[in-house]
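Scroll down for the structure; my scribbles are underneath it.
The values are calculated or read from the model by the stated rules, or taken from the named source; none is laboratory data. Keep in mind it's a predicted model, so treat the numbers as computed, not measured. Every residue, glycine among them, receives a Cβ derived from its backbone with ideal geometry; neighbour counts consider all protein chains shown. The protein model used for the area step is the full one, side chains on, heavy atoms only, and it has no ligands, DNA or RNA in it. Shrake-Rupley method; radii C 1.70, N 1.55, O 1.52, S 1.80 Å.
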Amino acid sequence: MNKSKYETYLYTGIIVEQNASGRYVPKKDAKPNIWRTGKHTKGKYVSFGQVFLTENNQTIAVIAVENLPFNQRHAYTPMQRWTSETVDNDLLLPYKKA
């Protein structure tokens, strides 16, 4: 891979928000959407349910990951950065792709 290319992945996720206890939970009526890693995305993907920030500072929990061919990356919105926060799996299972 040359220096100008980087690994690209698609992340399907849903908007999450913090509850009164400070835990992330899916936002009411959240619908899955897709983002991708960008050249300047900070941090690394670790696991299902991990929370990332979009470029608009929305908090999103990952429910699916797939490879994205580098030359198709411009069709998707890049994400900003990963956090160390996660959402409990049982809260996300209803949204998980089949």
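Here are the numbers for this structure:
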{"item": "Output for region 73-92, where each listed residue is within 19 Å of residue 4 (Cα to Cα) and in contact (Cβ under 8 Å) with a residue 60 or more places away in the chain", "result": "73, 76, 79"}
{"item": "Number of the condition not met by residue 43 [criteria: (1) open to solvent by 90 Å² or more (accessible area, probe 1.4 Å); (2) at positive phi; (3) of a type outside the set (Asp, Glu)]", "result": "(1)"}
{"item": "Options 39, 5; residue that is farther than 23 Å from residue 90 by Cα and touching a residue at least 60 places away in the same chain (Cβ under 8 Å)", "result": "5"}
